[in-house]
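The values are calculated or read from the model by the stated rules, or taken from the named source; none is laboratory data. It should be emphasised that the depicted structure is a prediction, and the values quoted were computed from it without experimental measurement. Glycine gets a Cβ as well: all are built from the backbone with ideal geometry, and neighbour counts include every protein chain shown.
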Amino acid sequence: MKSFAIEPYPSEGWYLIKGNLPGHQARLRVWAILELECGARRIPLSASLKGRVFELLPRPENAHEIRLEIEGENGFLPPDLLSLKPVSHRVAWRALCKRLFGVFRALDADKAKRLGLSWWTLLTRPFCSYRVLSALRYHYPAPEYARWREHYWPCSSVTERRLSAHLKQRGLAGESVAVLLDARGGVRASEFSAENQLSLRTKVVALTAQSGDWPLSSDNDSGWVLYTRPDQKLEPWALAWFLTDAMKHPEAVLVYSDHALLDSAGTPTEPRFKPDWSPELQAVSHYIGDCVLVKRSALKDIFDTLGYLPSVYELALELGVRADPSQIRHVPAVLWHQAGTDTQPCEAQLEAHYQRHNQNAEITRDDRGHLRVHYGLPARAPKISIVIPTRDALHLLKPCVDSILDRTSWPDYEILILDNQSSCADTLAYLQAVESDNRVRVLAYPYPFNYSAINNFAVEHARGELVCLLNNDTEVISPDWLEEMASRLLQPGVGAVGARLYFADGRVQHAGDVLGPGGCACHLHGVIEADDPGYMNRAVLPQELSAVTAACLLTYRSLYQELGGLDEENLAVAFNDVDFCLRIREAGYRVVYTPYAELYHYESVSRGKDDDPVKKARAEREVAYMRARWADVIERDPFYNPNLNYAKPDFTLGKYPRIDWPW
């Protein structure tokens with residue numbers, strides 16, 4: 001519980017801080033600043049999703065000053081939005097016990113255990129337990145990584161005993177693991193040590209610039225190789241965890257993990273909490289890093305093919321082609337640390353990889369300096385049907401359609417406007433006029449609004465091989481948006497592609513979707529500025545995801561129909577696009593987000609908000625359906641990380657890790 005503890009100070013009595021702040025903000029941070037004789041204490045306070053603050057704080061017995069600081073998404077808010085007053089012990093303990101026992105009862109056993117909470121800790125350390133439970137509220141500053149790591153991942157005697165017993169039980173105690181040390185980059189091999197690995201033996205082989213032959217013998221060992229570099233430091237349990245995961249999944253050929261950087265003092269900082277395997281992201285970022293466990297036979301096969309030992313980056317590219325995605329495993333825990341900066345992908349190696357596999361692709365650098373892959377298109381461009389549902393809203397529909405007709409460079413497309421009971425004379429006149437363009441058809445859908453049913457009806461009448469679902473409150477920015485999306489959709493195994501969308505003010509509205517954080521499904525990153533690259537550059541790089549929004553989504557018409565389209569029975573309005581993407585992945589296809597297809601999106605302007613009883617009831621049913629149908633993905637979205645914040649998908653450090661030791 002150290003992550004949430006307050007450094008103790010002599011106290012007498014209590015302060016109660018309460019009030020209602022503007023709710024539903026992307027960011028809301030509240031601090032109490034105590035000015036004591038020994039210095040200032042900055043103490044984080046929690047707030048609910050709706051902005052409710054109700055916090056107890058021990059009142060120092062010595063002379064002091066106290067003030068409040070409130071930071072909202074658009075800057076600092078007046079501190080007088082909150083009241084601060086001394087309260088009696090009776091009032092304080094009543095409020096403290098209400099939170100302690102009310103919240104604790106609602107925790108499941110695994111969560112309580114991970115937080116270090118029990119009935120005993122509630123009774124013996126009540127205020128510390130109160131701080132832990134308060135931190136679970138929606139708004140609470142992320143803990144510092146060093147304290148979080150010390151609390152949740154200690155190398156204690158208990159950890160060592162459990163690890164040793166775990167390995168003995170599985171016949172792995174004393175197992176020998178080959179460590180292949182890639183010292184070809186100039187870092188001295190002597191800087192690396194694997195002597196701290198618990199209950200396992202290692203045999204380190206250094207790979208230098210002069211190395212040419214296969215360097216590993218086939219002595220009695222695990223059949224696995226830890227492929228790493230001299231400038232990396234392993235956690236004491238790294239090999240045991242790597243090997244445990246490999247043995248649990250015998251089909252695996254590669255296992256990678258999260259990692260953190262080391263600062264100049266050798267302290268772990270800036271953790272890299274990664275998604276599960278994403279070949280698109282790996283190609284342009286090398287996000288998995290340079291410390292992996294690889295099956296010896298797989299490494300030997302690639303060595304024989306290439307005639308040399310590849311870097312970890314090349315190895316991952318090759319295994320991404322040769323192996324099934326399920327064979328590339330991710331351990332969502334920091335098992336190693338990188339001195340200096342992360343290794344960058346190599347443009348020459350990526351080009352050689354595509355040439356080796358006869359893949360039509362050109363590599364360039366984007367405006368931010370990242371590698372960008374331009375996939376080739378077939379000689380005959382497939383026809384794309386762009387489906388746009390609308391009801392009146394001419395002020396949105398006309399700019400949307402005009403932007404497509406005026407800016408889109410794709411040579412063969414049709415626009416299907418689905419008129420859902422428009423009654424405005426100007427809209428009806430426009431719909432009649434716009435059909436004079438042979439690229440536009442207007443189809444009447446004279447039934448109550450059901451977004452899923454409207455799109456399903458449209459796809460039945462579409463003539464294109466590919467179908468683009470597009471909201472009427474969007475506008476095209478990049479003329480080659482369809483080239484970018486289609487070129488990625490036409491890659492092997494891809495079933496849907498989503499675009500990067502902006503609000504009218506230029507902030508990012510959509511850079512992919514995620515399930516779990518926030519309770520169901522929402523946009524990754526939250527609302528960020530256009531120049532914000534996002535965590536690990538994930539807002540500005542193409543990658544596989546669980547879902548993308550159908551405000552702009554490209555897929556195959558045949559696949560759409562094969563999967564039954566959008567779910568018009570259970571998801572008439574919301575989450576139908578997320579559900580569709582999840583069914584695409586369930587069928588074995590990939591869902592890809594690309595930042596290089598850009599449009600504006602004013603987000604549900606024409607539909608409005610779910611603010612009346614009927615709409616609220618429908619929205620609650622749709623959420624309930626999603627939570628029942630996709631409970632496993634909501635619990636653990638493979639493209640988020642269980643160490644990150646699950647109150648909202650802002651990629652900040654989670655209040656607690658949603659994983660535990662494997663032993």
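Taken over segment 44-71, the criterion of being crowded, with 18+ Cβ neighbours inside 10 Å and under 33 Å from the mean Cα position of the chain (by Cα) is satisfied by Pro44, Leu45, Ser46, Ala47, Gly51, Val53, Phe54, Glu55, Leu68, Ile70.
Just one of (1) in contact with a Gly (Cβ under 9 Å, 6 or more places away or on another chain); (2) surrounded by 14 or more Cβ atoms within 10 Å (Cβ to Cβ) fails for Ala496. It is (1).
Residue-by-condition table, conditions (1) out of contact with any helix residue (DSSP H, G or I) (no Cβ under 6 Å at 6 or more places or on another chain); (2) at pLDDT 95 or above; (3) buried (at least 21 other Cβ atoms within 10 Å of the Cβ); (4) assigned to a strand (DSSP E or B):
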{"site": "Glu270", "(1), (2), (3), (4)": "yes, yes, no, yes"}
{"site": "Trp277", "(1), (2), (3), (4)": "no, yes, yes, no"}
{"site": "Asp290", "(1), (2), (3), (4)": "no, yes, yes, no"}
{"site": "Ala333", "(1), (2), (3), (4)": "yes, yes, yes, yes"}
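So for segment 215-233 (the condition being of a type in the set (A, V, I, L, M), more than 19 Å from Arg329 (Cα to Cα) and in a strand (DSSP E or B)), does at least one residue qualify? Scanning segment 215-233 turns up no residue that is of a type in the set (A, V, I, L, M), more than 19 Å from Arg329 (Cα to Cα) and in a strand (DSSP E or B). Taken as a whole, the condition of being among the charged types (D, E, K, R) and in the same structural domain as Phe449 (by TED's automatic domain parsing) does not apply to Lys300. Any residue that is in the same structural domain as Gly266 (by TED's automatic domain parsing), out of contact with any Pro (no Cβ under 9 Å at 6 or more places or on another chain), over 30 Å from Ile477 (Cα atoms) and in a helix (DSSP H, G or I) - is there at least one of those in segment 355-368? Yes, that holds for at least one residue.
The set of residues from segment 423-441 being in contact with a Leu (Cβ under 7 Å, 6 or more places away or on another chain), within 15 Å of Ala458 (Cβ to Cβ) and crowded, with 19+ Cβ neighbours inside 10 Å is empty. Listed residues Val87, Val53; which is over 13 Å from Ala32 (Cβ atoms) and assigned by TED's automatic domain parsing to the domain that holds Leu122? Being over 13 Å from Ala32 (Cβ atoms) and assigned by TED's automatic domain parsing to the domain that holds Leu122 holds for just one of Val87, Val53, which is Val87. Being surrounded by fewer than 14 Cβ atoms within 10 Å (Cβ to Cβ) and out of contact with any helix residue (DSSP H, G or I) (no Cβ under 8 Å at 6 or more places or on another chain) is a condition met by no residue of segment 14-23.
Restricting to segment 520-561, name every residue that is surrounded by fewer than 22 Cβ atoms within 10 Å (Cβ to Cβ) and either polar (S, T, N, Q) or without any contact (Cβ under 8 Å) to a residue 12 or more places away in the chain (or both). Correct list: Asp531, Asn537, Ser558, Gln561.
In the set Asp567, Asp610, Asp577, only one residue is modelled with pLDDT under 90, buried (at least 16 other Cβ atoms within 10 Å of the Cβ), in the same structural domain as Asp402 (by TED's automatic domain parsing) and not hydrophobic (A, V, I, L, M, F, W, C); that residue is Asp610. The single condition among (1) within 30 Å of the chain's Cα centre (by Cα); (2) surrounded by 15 or more Cβ atoms within 10 Å (Cβ to Cβ); (3) assigned to a loop (DSSP other than H, G, I, E, B) that Asp392 does not satisfy is (1). Considering segment 84-170, the qualifying helices (runs of 4 or more DSSP H), each wholly inside and each with 1 or more residues that are in contact (Cβ under 8 Å) with a residue 12 or more places away in the chain and within 31 Å of the chain's Cα centre (by Cα), run over 89-106, 109-115, 126-134, 145-152, 157-169.
Evaluation of Gln359 against the conditions (1) surrounded by 17 or more Cβ atoms within 10 Å (Cβ to Cβ); (2) closer than 30 Å to Asn537 by Cα; (3) in contact with a strand residue (DSSP E or B) (Cβ under 9 Å, 6 or more places away or on another chain) shows that the sole unmet condition is (1). Being part of a loop (DSSP other than H, G, I, E, B) and in contact (Cβ under 8 Å) with a residue 60 or more places away in the chain is the filter; apply it to segment 413-467 and report the residue that is nearest to the chain's Cα centre (by Cα). Going through the qualifying residues, I end up with Asn450. Leu123 meets each of the listed conditions (1) under 23 Å from Pro154 (Cβ atoms); (2) out of contact with any strand residue (DSSP E or B) (no Cβ under 9 Å at 6 or more places or on another chain) apart from (1).
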